[in-house]
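> Input: one structure, supplied below.
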Amino acid sequence: MAQISAEEAAEQHAARLEVARLRVRQSHSSTSNVLRSPQREHNRIQMAERRQQRKAYQPFNRLAFRYNPGEDYSLSWHVLIGTMTVVCPYCKALKFCGETKGMCCAAGKIKLLNLENHQSH
């Protein structure tokens, strides 16, 4: 008799756990749907903004291959290069702020003659 009541108690316990598990799953699914909706809207807006930005820069895509020397590209608000204010620590070349250090001389591995000291033939 004690074994039957223990089995019944175990079955009731398992049933209670299953009901609690289903309740938690339902709670999470409804909560996440409520939270997901604004997140999806935010993502949709961000993607639309990125598409617009890409379209705005499309005329400048691969522009170096269609360069027109008569056009002053620095006047365009799309071209934000800045000034060459950074000095390479290896070769002392002037660089733009966002350029990688040492790209001009392979981090000091390539050494060129100074133009002032070079004698032309």
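> Of the residues Gly82, Gly108, which single one is in contact (Cβ under 8 Å) with a residue 12 or more places away in the chain, touching a Cys at 6+ places or on another chain (Cβ under 8 Å) and either under 30 Å from Gln58 (Cβ atoms) or not in a loop (DSSP other than H, G, I, E, B) (or both)?
Only one candidate passes the filter, namely Gly82.
> Sticking with this structure for a sec: Could you tell me which numbered condition Arg50 fails, if it satisfies all but one of (1) modelled with pLDDT under 75; (2) part of a helix (DSSP H, G or I)?
Only one criterion in (1) modelled with pLDDT under 75; (2) part of a helix (DSSP H, G or I) is unmet by Arg50, namely (1).
The values are calculated or read from the model by the stated rules, or taken from the named source; none is laboratory data. In this text, all values refer to a predicted model and were calculated from it rather than measured experimentally. Reconstructed Cβ throughout: ideal geometry from the backbone, glycine too, with neighbour counts over all protein chains shown.
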